[in-house]
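Engineer: Mind looking over this structure? Questions follow.
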Amino acid sequence: MTKKLSLLVPMFNEAEIIDHFFERVLPILEDLALEWEVVCVNDGSRDGTQELLRQWHERDGRIKVINLSRNFGKERALTAALDLAIGDAVIPIDADLQDPPELIPRMVELWGQGFDVVNAIRSSRKSDTFTKRTTARLFYRIINSVAEREIPSNAGDFRLLSRRVCKELRSMRETHRFMKGLFAWVGFPTTEIYFERKPRSGGVTKWSYWRLWNYALEGIISFSTVPLKIASYLGLVTATLGFLFAGILVTRTLIFGDPVKGYPSLMTAVLFFGGVQLIFIGVIGEYIARIHDEVKGRPIYVIDSIQGFEDINSQSVGGISPEDSGYP
């Protein structure tokens, strides 16, 4: 029986490059000795993305479309594609073609050799600004020093995942989704290939520095409790130092009769420790907020309409259960 490959493509306002994407990707897929499908997720686009995807679906039924009810973000859009993909392996890829689809045959070859995960690693970040290169290096250094499992540096969503990896990923229904971390957490035999990332083929990036900052915090908090431990340890250290300093002041007053000095030093201590407390109350608040979001039990995404998926109830897919995922 011929195996099937699913290409997962989340899209948000990508009308400018959709035609170029398919013109470059489809010939590569046609040359594979596999059946294939392209699962496109329109993540609440406000341009002509939805209409263009409909037209491409009408040209080739193997191009399937999921229209979400609003913009849910790339991680959730990718989850929607993963839930409805039926391939024996999947490859997430961005529509901007910065990740070269020409690597797909090599990924499939390595999958055939027994690897469940084939990570595509950027061999350099020369195309990025100095600020982005520096912050990316710092992010991977921090998260890999605190996370329970190492996350491959300079690896995006572009990778191949086998069916059994997808099955485990579909069972993870957490609201706050850091897909790079989830991909790494699952495990299974893994290998890597390296490539040079190109500039976008068109359009503009949706990732501002503010969004990247929040994405980094999401990754650290989702895969580590070290920030809470730091708060505990720092609290213990500062309490100990405060106790020792109080002992010194009492001793000096009893022996030398020195008065307790200083409004400036008192205010400095109050402001410093007050600031530290507020920072770690915020850290604790981030974890509590995630608990709050999880217990509400809302679906990860909501589907407005689908094209190309038979026997699927679009009203229930967002809250898909592990036994119902990966139709049919």
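Engineer: On a 1.4 Å probe surface of the protein chains, which of Phe272, Phe21 comes out largest in accessible area, and what is the full order? Don't skip to the end; give the middle numbers.
Structural biologist: On the way: Phe272 115, Phe21 0 Å².
Output order, biggest surface exposure first: Phe272, Phe21.
Engineer: For Val41, enumerate residues with amide H under 5 Å from its amide H, sequence gap 5+ or separate chain, H modeled in the peptide plane.
Structural biologist: Distant-sequence amide H within range of Val41: Val9, Met11, Ile66.
Engineer: OK, next. Need one number: convex hull volume per residue for region 1-117, Cα atoms only, in Å³.
Structural biologist: Details: hull volume 11.8 nm³, N = 117.
It is 101 Å³ per residue.
Engineer: Given H placed 1.01 Å from N in the peptide plane, which residues other than close sequence neighbours of Ser305 have an amide H under 5 Å from its amide H?
Structural biologist: Asn67
Engineer: Loop only per DSSP, at most 13 neighbouring Cβ atoms within 10 Å: give me the trypsin sites (Lys or Arg not before Pro) in region 1-104, ordered by residue number.
Structural biologist: Within region 1-104, the qualifying trypsin sites (Lys or Arg not before Pro) (loop, at most 13 other Cβ atoms within 10 Å) are Arg46, Arg70.
The values are calculated or read from the model by the stated rules, or taken from the named source; none is laboratory data. What you see is a predicted model; the values in this text were computed from it and never measured. Reconstructed Cβ throughout: ideal geometry from the backbone, glycine too, with neighbour counts over all protein chains shown. The area values use the complete protein model at the heavy-atom level, side chains included, leaving out ligands, DNA and RNA. Shrake-Rupley method; radii C 1.70, N 1.55, O 1.52, S 1.80 Å.
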